[in-house]
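*Asks:* Can you read through this structure? Questions will come right after.
The values are calculated or read from the model by the stated rules, or taken from the named source; none is laboratory data. Fair warning: this is a prediction, and the values are worked out from it, not measured in the lab. Note: ideal-geometry Cβ built from the backbone for every residue, glycine included; neighbour counts use all protein chains shown. Surface accessibility is based on the protein's heavy atoms, side chains included, excluding ligands, DNA and RNA. Shrake-Rupley method; radii C 1.70, N 1.55, O 1.52, S 1.80 Å.
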Amino acid sequence: MTAESLSRPVDPLSEAELKESSRKVGLLAFLSSVVMLFATFTAAFLVRRTGTDWKPLEMPEIMWISTWLLIGSSVTIEISRVTGRKMGLLVTLGLGLAFLFCQVKALSEMGGFSGALAENPHFSFIFVLLLVHALHLLGGIGGLFLTSLSSSRFGWVVTYWHFMGLVWIYVLVLLFLS
Amino acid sequence: MSHSHEPTTFLSKYVFSFDHKVIGIQYLITALFMAVIGGLLALTIRYQLAWPSENVVSAESYLSLVTMHGTIMVFFVISMGLVSGFGNLLIPLHVGARDMAYPFLNMLSYWVMVPACLLMIGSFFVEGGAAAAGWTAYPPLSALKDAVPGSGMGQTLWLLAMALFIVSFTMGSLNYLTTILNERTRGMSMMKLPLLTWTFLISAIIGILAFPALTAAAVMLLFDRHAGTSFFLPAGMYFEGTGVLPNMGGTPLLFQHLFWFLGHPEVYVLVLPALGITFEIIAAFGRRSPFGYRTTVYSLLCVAFLSMIVWGHHMFTSGMDPRIGEYFSIVTVMITVPFSVIGLNLIGSLWQARIRAETPMLFALGVISAMGMGGLGGLYLGTATSDMYFHDSYFVVGHFHLTIGTVTFLALFGGIYHWFPKFIGRKTNELLGKTHFWLTIIPMFAMFLLMHLQGMGGIHRRYYDVTQYSYPNASAMALMPWISYLAFALFAGQLVFAFNVIWSIFRGEKSSENPWGATTLEWTAPSPAPHGNWPDKVPVVHRDPYDYGSDGVWAQNVENAEGQA
Amino acid sequence: MTARSHLSAGFLALFFVLLVIAVVGGFGFKTWLPPVASEHGAVVDKVIRYTLLTTGLVFVVGHLILAFFIVKYSRDERGTAKRLSPGVEARWALSVAFGMSIIAEVGVLVIGMPAWAAVYGEPSPDDVVVEVVAQQFGWFIRYPGKDGKFGACRPELIRRGDNPLGLDKKDPASADDIIVEDELRLPVNKPARIVLRSLDVLHSFSVPEMRVKQDIIPGYTGRTRFVPNREGTYEIACAELCGLGHYKMRGLLQVMAPQDLQRWLSEQVPAITYIVD
């Protein structure tokens, strides 16, 4: 948003331009809400980590695979956007689903919903953060699906997808490398 | 600019409507319905408090009543009525747009709110009763069935309902923000926005940034409750019957921090739009531009910023680091600065005004008084040293009922009377309106001021039976039944409002486009405003929002002879 | 403008004037606070009196101006809708805001800070140390005995009948610990440091006459500190919602002459003797 758009001087935007720019504003606002959500979990994590019962866990190997899958999906969605081919969205969607599969696998390897979740606070955080991130990513997958069906432009989904990739890398660093 | 075709079927017109005005009215009706429930809960609480020996409810139900009264009133009445209701009704009209930026999302947000309401109400009927850990839902009490029966199924439903509420409210906030920033008509610069729309913008920003903290807290609390994790649950909790619980070193204080990181800004999400409505009414019925438009806008921004860094004043006695407590105390009372500016501007707006004391104006003037008293009462609580005495006493109860209860309800009523002609096309009855005003303000002020005195006398809040103790001041104790009588009178007085509204919908005097001679853009649309708001072109803005001169009044879209003013 | 509107304005102004009289009468001419019985409590009361005076003044002036404006400017043709320049308006607003912030910060920092520091400041070695353990819905009071040390407590050892705090017999410091229910006894005019623990949920240790209120967090050891300066019996209340019996979680605090307290302590049997193996 520029100073010009804030002062809204003379010529109004065309309806399509207005829709596009509203979409950007709305998306930006929504993403800031997502940032605050993860910031809250971060604060909780940093506080909880100082507890005497904290037993840090190693990052499971499979999370490297899921990370590369998500990075790959960002590349394919970008190619799709530049070339304008919607086929790329379905590839991205596939990679996204593969990512979610790996995440589920990682969690079940680490102990799943059984005792480990309750017994190790680090794992509680891993579980919750992966879950919250996965739910947000599912929204993106839904968006990919709808966008690939519709004849309209790419809209919010590209930015959102890249953003969810960044959030995942942030979560990974927070959980295992900080 | 074209707009979508007018809906024709009953379902698309009145139920799953995309029209911001229909959605606004849906929200308002739902909020008023929830207010009746919240009010009945309050009456039961008051009965128990005044005549504890009659045991009209059990201790268990009493705590559920207290919890649900708070939750319903804060989130499902005031947030929903003032912010979602009036926000939807007025934002597009104020900025000169045909509808919200995302009409579908808007419809969705209402239909997410409905199941949230149903879950909240439904939680009364599950095993163990509704949530009973207070509207603040502090763990461990809210996490363990062993601690209080309401923390069983009732608390789970409470958390799910709150999650839906947050989803819905966030969708609404995104719509407000985008519409206000991006869908303004030609000439509508930010500094020409009506003050009410500014307050909606700021409450949307606060909502978007603060609600995620509660979401995160609710997710972790759900895990603590159902997956045995220990985010908030410490080691070594012992309950008779179950013995020592297996939880490990969680921190109950963390939840309080997360809760109040939302909880305090939420206060301003409610109060700021109430003040915005007050500014609109005072301008229209004082026929004078509000004193200090710009300082008001900057103060609102300042309040929004400060609201995010002062949450700890709810926790002075919680056991957090006392140095942090002192920090929170210092910044908390700094909120005095923007609020003094707003208060002075409200009173200053009456100077050299030409007041017509009709029903909406009476309510608006009531808001000024209530806000003054509420704000000043806040100083006793924001000062950490005196809060050591007042915390969790009736002083607190009186204080927040004056601010987020009285201020908001008076504004809600004032707003309904003020904009009723615009959205219904008829005026409400003036005599009934004034009667309602007096039947509302007298018991409300009296009740909540007397609660301050009880708090001074040392009576603690959330007590099923206050007569268990002998230390409180005897006169403070003697006030209990009187406050209850006032509460019953207040509730009964609302029948006048209900009758007035229903009668006026069918029989009220027909209203013109601009019955109050107001200047903002909604008054340039027909009454009631049609789908798309303006039958032909959207208005173009040439003037400040409140152009009341000594020789005339000009709506925002009136062209100025010498070009832009 | 109708005559009726004018009448409404007059009624409202009258209402505000009556409100001023009622509030000044209610808050100003009656002492509602329970009589104070602690050293820092006197300062707490001073903060409250200071706030009553300053906010009272602002309240009275504000409401009288409000009432005056309502009457004056609701008459025909009195108002001119005249506006000051934005700069002048801002200056008015800012000077009032500045004054109010001074009033508020004086209360917090100048008057209030010493009391806050007294309660939360560094403990002194002369403090009388007593542990208060809260649980649903009562209080346990533990004195450390002659050794001045509290024995270790383990939740898994808790047994309602004979070992309510889970006192560990193996810890030598446990040997002379004294545990009583619901009655806290403190010597007059000596700083008391109350160590606070909870066995289950949040509670809050509140003694209104002492102007003390401190939440108790399970899993943590908190403290509060005050100097009771008037002998007598006071009530301890729980101030943080803790469950069904929250309203009757009543304890007693007896402030007594130091020698009386010593005599009483010497008559008590150590808690450890009650524990059945």
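*Asks:* Count the DSSP beta bridges whose two residues both fall in chain C, then state the antiparallel fraction as a percent rounded to the nearest 5. Show your work: numbers first, answer last.
*Replies:* Details: 29 of 41 bridges.
Antiparallel bridges make up about 70 percent of those DSSP assigns within chain C.
*Asks:* How large is the accessible surface of residue B:431 in square angstrom, using a 1.4 angstrom probe and rounding to the nearest 10?
*Replies:* 110
*Asks:* Write down the percent of antiparallel bridges among all DSSP beta bridges whose residues are both part of the protein assembly as shown, to the nearest 5.
*Replies:* Counting DSSP beta bridges with both partners in the protein assembly as shown, the antiparallel share is about 75 percent.
*Asks:* At a probe size of 1.4 Å, how large is the accessible area of residue B:192, to the nearest 10 Å²?
*Replies:* So the heavy atoms of residue B:192 present about 30 Å² to solvent.
*Asks:* State, to one decimal in nm², a quarter of the convex hull surface area for the C-alpha atoms of chain B, i.e. the direction-averaged projected area.
*Replies:* Value for chain B: 25.9 nm².
*Asks:* Something else about it: May I ask you to list the residues of segment B:141-160 whose amide nitrogen lies under 13 Å from a point 7 Å from Cα along the Cα→beta-carbon direction of residue A:135?
*Replies:* Under 13 Å, as judged by backbone N against the label point of residue A:135, lie B:159-160 of segment B:141-160.
*Asks:* As a test of the definition: which semi-axes, in Å, follow for segment C:83-125 when you take the square root of five times each eigenvalue of its alpha carbon gyration tensor? Largest first, please.
*Replies:* Details: eigenvalues 321, 8, 4 Å².
So the equivalent ellipsoid measures 40, 6, 4 Å along its semi-axes.
*Asks:* Please compute the contact order of chain B in relative form: average sequence separation of alpha-carbon pairs under 8 Å and at least six residues apart, divided by the residue count, as a percent.
*Replies:* Details: 972 pairs, mean separation 86.7, N = 565.
Reported as a whole number, the value is 15 percent.
*Asks:* Along the charge dipole of the protein assembly as shown, pointing to its positive end and built from +1/-1 on Cβ of Lys, Arg, Asp and Glu, which listed residue (B:475, B:408, B:520) has its Cα farthest out?
*Replies:* B:520
*Asks:* State in Å² the accessible area per residue of the protein assembly as shown; use a 1.4 Å probe, count heavy atoms of protein chains only, and round to the nearest integer.
*Replies:* Working: 37390 Å² over 1020 residues.
Counting only protein heavy atoms, the per-residue value for the protein assembly as shown is 37 Å².
*Asks:* Given a cut-off of 23 Å, what percent of all Cα-Cα pairs of segment B:357-565 lie beyond it? Mind dumping the intermediate values first?
*Replies:* Working: 12727 of 21736 pairs.
So the pairs more than 23 Å apart make up 59 percent of the total in segment B:357-565.
*Asks:* Considering only DSSP states other than H, G, I, E and B, which chymotrypsin sites (Phe, Trp or Tyr not before Pro) in segment C:1-110 qualify as loop sites with at most 11 other Cβ atoms within 10 Å?
*Replies:* Here the chymotrypsin sites (Phe, Trp or Tyr not before Pro) that fit, given the DSSP loop and packing criteria, are C:29.
*Asks:* Ordering C:209, B:513, B:127, B:240 by how much accessible area each has at a 1.4 Å probe, largest first, what is the list? Before the final figure, lay out the partial values.
*Replies:* Working: C:209 20, B:513 90, B:127 165, B:240 120 Å².
The residues order as B:127, B:240, B:513, C:209, largest area first.
*Asks:* What is the mean number of Cβ atoms from other protein chains located within 10 Å of the Cβ atom of each residue in peptide C:195-205, rounded to a whole number?
*Replies:* Values: counts 0, 1, 1, 6, 6, 11, 15, 11, 1, 6, 1.
Mean shielding count: 5.
*Asks:* Relative contact order of segment B:357-565: what whole-number percent is it, with Cα pairs under 8 angstrom and at least 6 residues apart?
*Replies:* Working: 276 pairs, mean separation 45.9, N = 209.
Relative contact order, segment B:357-565: 22 percent.
*Asks:* Which lysines, on any chain, are close to residue B:13 with Cα under 26 Å apart, when same-chain ones fewer than 8 places away are left out?
*Replies:* Cross-link targets: A:19, B:21, B:422, B:427, B:510, B:537.
*Asks:* Still on this structure, I have one more. Which shape class, rounded, prolate or oblate, goes with segment A:75-178 when its Cα gyration tensor gives a ≥ b ≥ c as root eigenvalues, a/c under 1.5 marks rounded, and past that a/b bigger than b/c marks prolate? Working shown, then result.
*Replies:* Values: a/c = 2.99, a/b = 2.36, b/c = 1.27.
Since a/c reaches 1.5 and a/b is larger than b/c, the shape of segment A:75-178 is classed as prolate.
*Asks:* Which of rounded, prolate or oblate describes chain A when judged by the alpha-carbon gyration tensor and an a/c cut-off of 1.5? Could you put the intermediate results ahead of the total?
*Replies:* Working: a/c = 3.15, a/b = 1.67, b/c = 1.89.
It is oblate, given that a/c is not under 1.5 and a/b is not larger than b/c.
*Asks:* With a 1.4 Å probe on protein heavy atoms only, tell me which residues of segment B:277-316 lose at least 50 Å² of accessible surface in the complex relative to the chain by itself.
*Replies:* B:291
*Asks:* Among the lysines, select those whose C-alpha is under 18 Å from the C-alpha of residue C:213, and discard any that sit fewer than 8 residues away in the same chain.
*Replies:* C:46, C:248
*Asks:* Given a 1.4 Å probe and no ligands, DNA or RNA in the count, how much accessible surface is buried by C and B, both sides, to the nearest 100 Å²? Intermediate results must be reported in sequence, preceding the final value.
*Replies:* Details: alone 16830 and 22200 Å², together 30020 Å².
It comes to approximately 9000 Å² buried between C and B.
*Asks:* If the viscosity is 1.002 mPa s and the temperature 20 °C, what Stokes-Einstein diffusion coefficient in µm²/s follows for the protein assembly as shown when Rh is the Kirkwood radius over Cα pairs?
*Replies:* Working: Rh = 30.4 Å.
The calculation lands on 71 µm²/s.
*Asks:* Just tell me how shielded B:365-373 is by partners: mean number of partner chain Cβ atoms within 10 Å of each residue's Cβ, no decimals. Before the final figure, lay out the partial values.
*Replies:* Working: counts 10, 3, 0, 5, 9, 0, 0, 6, 6.
Average per residue, whole number: 4.
*Asks:* Now for a separate question. Using only Cα atoms, tell me the angle between helix A:157-172 and the longest principal axis of chain A; keep it within 0 to 90° and round to the nearest 10.
*Replies:* 20
*Asks:* Considering only DSSP beta bridges with both partners in segment C:163-277, what is the antiparallel share in %, to the nearest 5?
*Replies:* Numbers: 17 of 22 bridges.
For segment C:163-277, the DSSP antiparallel bridge percentage is about 75.
*Asks:* Residue by residue through C:214-224, how many Cβ atoms from other chains fall within 10 Å of the Cβ on average? Kindly include the intermediate steps, with their values, before the conclusion.
*Replies:* Details: counts 6, 12, 2, 9, 12, 16, 5, 1, 3, 1, 3.
The mean count of partner-chain Cβ atoms within 10 Å per residue comes to 6.
*Asks:* With an 8 Å Cα cut-off and a minimum separation of 6 or more residues, compute the relative contact order for chain A in percent. Don't jump to the answer; show the numbers that get you there.
*Replies:* Values: 122 pairs, mean separation 46.9, N = 178.
Contact order relative to length: 26 percent.
*Asks:* Continuing with the same structure: Determine which lysines satisfy two conditions relative to residue C:82: a Cα distance under 26 Å, and not lying fewer than 8 residues away in the same chain.
*Replies:* In chain and number order, the partners are B:192, C:72.
*Asks:* Another question, then. Take each uninterrupted DSSP H stretch in chain B, measure its Cα extent along the helix axis, and return the ones at 27 Å or beyond whose mean Kyte-Doolittle hydropathy is at least -0.5.
*Replies:* On the way: long enough: B:20-50 (43 Å, 1.35); B:103-122 (29 Å, 1.54); B:153-182 (43 Å, 1.23); B:195-226 (45 Å, 1.65); B:252-286 (50 Å, 1.32); B:359-382 (34 Å, 1.36); B:430-456 (39 Å, 1.02); B:474-507 (51 Å, 1.43).
Counting only whole DSSP H runs, the qualifying helices are B:20-50, B:103-122, B:153-182, B:195-226, B:252-286, B:359-382, B:430-456, B:474-507.
*Asks:* Enter the buried accessible area of the B/A pair, total of both sides, probe 1.4 Å, in Å² rounded to the nearest 100.
*Replies:* Details: alone 22200 and 10500 Å², together 29570 Å².
Interface between B and A: roughly 3100 Å².
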